[in-house]
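Engineer: Can you keep this structure in mind? I'll have questions shortly.
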Amino acid sequence: MNRKTLVLPAVIGLLAPVLAACGGSDGSSGGGDAIVVGTTDAVTASKDAPAPLDPAYAYDAGIWNILRQTVQTLMIQPRGEGEPVPEAAQSCGFTDTGNERYACKLRPGLKFANGDAVTAEDVKYSIDRARNINVEGGPVGLLSTIDTVETQGDREVIFHLKTADATFPYKLSTPVAGILNPDDYPAKSLRDGFDLDGSGPYTMSAEVKDDQLVSAVFTKNPNYKGILKVNNDKVELRTFADADAMGTAIDNGDIDVMTRTMSPEQIEKLSASSPDSDVDLVEMPGLEIRYLAFNTNAPTVKTKAVRQAMAQIINRSELVSKVYGSEAEPLFSLVPASIIGHSNSFFNQYGDPSKTKAAAFLSGANITTPVKLTLHYTTDHYGSATKKEFEQLQQQLNASGLFDVSIKGEPWKTFRPAEQKGTYDVYGMGWFPDFPDADNYLAPFLDKDNFLGSPYANSKIRNTLIPESRRQADRLSASTSLTDIQDIVARDVPVLPLWQGKQYVAARDDITGTAYVLNSSSTLQLWELGRGVSG
């Protein structure tokens, strides 16, 4: 390539055709050795989480990126972004004017990888299974608007919804709605371990060491039928302890592609490297956000004024510039700036950082200063810069004299269960959307059975504003309700948004398809990768 960094525009969806070719053995340019892709996303089985790859349990971007290669869904995000299109389904759509009855017809001849036929009853079984197991803090909230699932014959599935939900097609594109073989997945319990089966573009075999996935080898599924064109025969997703180890592997030629999460230093180095280097950096739009979450029942932050004072002090621009540079942007809402319905509610509420205004919040609530807090973060899930980010947050809050903040990091395998149990008063999290709609940045945090397990409950948001927004098929028409939700969040501060990030892939220059290997929701699309000619 004649330039080191390929920057993909946000309008790439307007330029790229939607995939229409069927999968299976047609159209593959694969062959030869497996394409090896590096990641720092760790997948671990533990006593608290013995079934990390079960679609009824998994609710993590890294794990979903494994499921999406193997477990087929009725709908899927098209290659060039946009609204979801049928995948395992031949057709899907609302059959009423109120967006409360959604019907799908399966493609003829669908099979699981083992050759068993995929039927409408399997779809119903899979959806009902996730709802019945109902993992706390899991992905089942995406199915919350379903009342009943009905089948008609072997190929038709009808979803009767409790209330209108214009976002429902998106939800059927997520792994929690993946189609499972009842012979492999028990109806009332999770499937422990690292086995994974489905009807998607690949089969998967796992290499496991000390209850952690070391690598996942994806082999093209000859029985796959769907919209995806699979451009390779085999891909290995290899896990690394950190970004430095992953970077060494691509420098040594041990891997072909480097995905999330690279360090800011690696991205800067690759951006500045010479044009004749054999490793190229691809920059693309991203919808990842980072935020602080609060256990609003915890004595230290139960008083809203404490959370408001933190919102008033934290300087997002300084945080981003010192830690992430041009790789992130300040965020003043849970909804990223590029999503329809976004509002800068936190800036509208608090304006520029101000110690004076923050002190007024605390004194008005009779809070004694400095307020002593511990900010918790995960050491190994969101990249190597997370510690530096929390050091900056600590410095900003303590410099005000209003807070006495300490920070503490934990590995994800202990951090996530502790967060779900309400152990932490204040903690840092990231969010990669399930689908690119404002609803998916609001309901998972604010609705009943939210994935954080947050005790914060606002009846107007849950009972009025979220249902109102979901009634609008035209998402621009939902903006009023969505803005109201964001304004309430800014006033109450159950979560505190910090920044939204870009995303990057580094690849050896004989690898093709890197422009599409990650979509804006950070979905890994390994079927796009192939081998070409170095140029």
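Engineer: Once you keep just the Cα pairs under 8 angstrom separated by 6 or more residues, what percentage relative contact order results for the stretch 232-308?
Structural biologist: 14 percent
Engineer: Just to confirm the filter: which GluC sites (Glu not before Pro) across the stretch 58-161 are DSSP coil and have at most 13 other Cβ within 10 angstrom of their Cβ?
Structural biologist: Glu136
Engineer: Set Lys and Arg Cβ to +1 and Asp and Glu Cβ to -1, take the dipole of the chain about its Cα centre, and tell me which of Ile485, Asn134, Gly193 lies farthest positive.
Structural biologist: So the residue furthest toward the plus end is Ile485.
Engineer: In terms of the Cα gyration tensor, with a ≥ b ≥ c the square roots of its eigenvalues, is the stretch 400-535 rounded because a/c is under 1.5, prolate because a/b exceeds b/c, or oblate?
Structural biologist: oblate
Engineer: Given H placed on each backbone N at 1.01 Å, which residues far from Leu518 in sequence or on other chains put an amide H within less than 5 Å of it?
Structural biologist: Answer set, sorted by chain and number: Gln525.
Engineer: With a ≥ b ≥ c taken as the square roots of the eigenvalues of the C-alpha gyration tensor of the stretch 53-186, please select rounded if a/c is under 1.5 and otherwise prolate if a/b is larger than b/c or oblate if it is not?
Structural biologist: rounded
Engineer: Ranked highest first by the average count of other Cβ atoms within 10 Å around their residues, in what order do 52-58, 493-499 fall?
Structural biologist: Result, highest mean Cβ count within 10 Å first: 52-58, 493-499.
Engineer: Same structure, new question: Is the shape of the chain rounded, prolate or oblate, going by the alpha carbon gyration tensor and its root eigenvalues a ≥ b ≥ c, with a/c under 1.5 for rounded and a/b larger than b/c for prolate?
Structural biologist: oblate
Engineer: Considering amide H positions built from the backbone, and no H for Pro or chain starts, which residues 5 or more places from Trp499, or on another chain, come under 5 Å of its amide H?
Structural biologist: Arg290, Leu331
Engineer: Same structure again: At what distance in nm do the modelled label points of Ala365 and Asn348 sit from each other, each positioned 7 Å from its Cα along Cα→Cβ?
Structural biologist: Rounded to a tenth, the inter-label distance reads 2.2 nm.
Engineer: Rounded to the nearest 5, what % of DSSP beta bridges with both residues in the chain are antiparallel?
Structural biologist: Approximately 75 percent, going by the DSSP bridge assignments.
Engineer: I need the phi-derived Karplus couplings for the stretch 320-331: 6.51 cos²θ - 1.76 cosθ + 1.60, θ = phi - 60°, integer Hz, Gly and Pro marked x.
Structural biologist: These are the phi-based 3J(HN,Hα) values: 5, 5, 7, 10, 10, x, 7, 8, 8, 9, x, 10 Hz.
Engineer: Sticking with this structure for a sec: So if I place +1 on the C-beta of Lys and Arg and -1 on the C-beta of Asp and Glu, and nothing else carries charge, what would the dipole magnitude of the stretch 394-535 be about its Cα centre? I want it in debye, nearest 20.
Structural biologist: For the stretch 394-535, the charge dipole is close to 180 debye.
Engineer: Could you state the angle between the C-alpha long axis of helix 386-399 and the longest principal axis of the C-alpha atoms of the chain, as a value from 0 to 90 degrees rounded to the nearest 10?
Structural biologist: That works out to roughly 20 degrees.
Engineer: ³J(HN,Hα) across the stretch 421-432 via Karplus (A = 6.51, B = -1.76, C = 1.60, θ = phi - 60°), whole Hz, x for Gly/Pro?
Structural biologist: 7, x, 5, 9, 7, 9, 8, x, 9, x, 9, 10
Engineer: Could you list which residues have their amide H under 5 Å from that of Arg107, counting only those 5 or more apart in sequence or on another chain, with H placed in the peptide plane?
Structural biologist: Residues meeting the amide H criterion: Ala89, Gln90.
Engineer: For helix 479-492, report the angle its Cα long axis makes with the longest principal axis of the Cα atoms of the chain; keep it between 0 and 90° and round to the nearest 10°.
Structural biologist: Once rounded, the angle reads 50 degrees.
Engineer: Let me ask something else. For the chain, which whole percent of the accessible surface, found with a 1.4 angstrom probe, sits on carbon and sulfur atoms?
Structural biologist: 47 percent
Engineer: Right, another one. Could you work out the relative contact order of the chain? I mean the mean sequence separation of Cα pairs under 8 Å and 6+ apart, divided by the number of residues, in percent.
Structural biologist: 22 percent.
Engineer: Per-residue counts of other Cβ atoms within 10 Å, averaged by peptide: what ranking do you get for 444-451, 181-188, highest first?
Structural biologist: 444-451, 181-188
Engineer: Follow-up question, since we're still on this one. At 1.4 Å probe radius, can you tell me the per residue accessible area of the chain in Å²?
Structural biologist: 38 Å²
Engineer: Here is a further query. In whole Hz, what ³J(HN,Hα) sequence does the stretch 114-123 give by Karplus (6.51, -1.76, 1.60; θ = phi - 60°), x for Gly and Pro?
Structural biologist: My calculation for the stretch 114-123 gives 7, x, 5, 5, 8, 10, 4, 5, 5, 4 Hz in order.
The values are calculated or read from the model by the stated rules, or taken from the named source; none is laboratory data. The structure presented is a predicted model; accordingly, all values stated were derived computationally and were not measured. So basically every Cβ, Gly included, is an ideal-geometry build from the backbone, and we count neighbours across all protein chains shown. The protein model used for the area step is the full one, side chains on, heavy atoms only, and it has no ligands, DNA or RNA in it. Shrake-Rupley method; radii C 1.70, N 1.55, O 1.52, S 1.80 Å.
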